[in-house]
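Where a number appears in this text, it was derived from the coordinates with a stated rule and is not lab data. Keep in mind it's a predicted model, so treat the numbers as computed, not measured. In this analysis, Cβ positions are derived from the backbone assuming ideal geometry, glycine residues included, and neighbour counts consider all displayed protein chains.
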Amino acid sequence: MTSGPPPYDIAPIHRREETTLDRTQIYLTEEEHQALRTTARETGKTQSGLIRLAVDRLIERPSDSVRLTRLRRGRGIWEGREDIPDLRDLRREWERFDGAKG
């Protein structure tokens, strides 16, 4: 029998199975803890695995400045394309459809 952390059950692409895990302690409200327990039970994942997944997603999410730079870099990429419908026409169709529903 070996000691140490349990296997990393939700491994993002940038991690390998042999990753060493450091133990940490967090405080959750009762509501957060109950939601975590429920999600773990429903998904078959461990609570710690779900927490690692949430931390990984937070770390991997680009900062606002990085997102803004990417948006600016992509500005106008569809300009002059003939194979893409005019967004104003699409918007009018959506508004007409939404108006018919009400």
By counting other Cβ atoms within 10 Å of each Cβ, how are Ser65, Ser48 ranked from fewest to most? Ser65, Ser48
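Would you please give the FRET efficiency between Glu60 and Arg92, computed as 1/(1 + (r/R0)^6) with r the Cβ-Cβ distance and R0 = 41 Å, to the nearest 0.05?
0.60
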Find, among the chymotrypsin sites (Phe, Trp or Tyr not before Pro) in segment 44-102, those assigned to loop by DSSP (not H, G, I, E, B) with at most 10 other beta-carbon atoms within 10 angstrom. Trp78
What is the gain in length, in nm to one decimal, between Arg75 and Glu42 on full extension, counting 0.36 nm per residue of separation less the C-alpha to C-alpha distance? 7.7 nm
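Restrict the search to segment 45-75; then list the trypsin sites (Lys or Arg not before Pro) that DSSP places in a loop and that have at most 12 other Cβ atoms within 10 Å of their Cβ. Don't skip to the end; give the middle numbers.
On the way: sites: Lys45, Arg52, Arg57, Arg67, Arg70, Arg72, Arg73, Arg75; in loops: Lys45, Arg75.
Sites meeting the loop and neighbour criteria: Arg75.
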For every other residue with a beta carbon closer than 13 angstrom to the beta carbon of Leu90, add +1 if it is Lys or Arg and -1 if Asp or Glu, then tell me the sum. -1
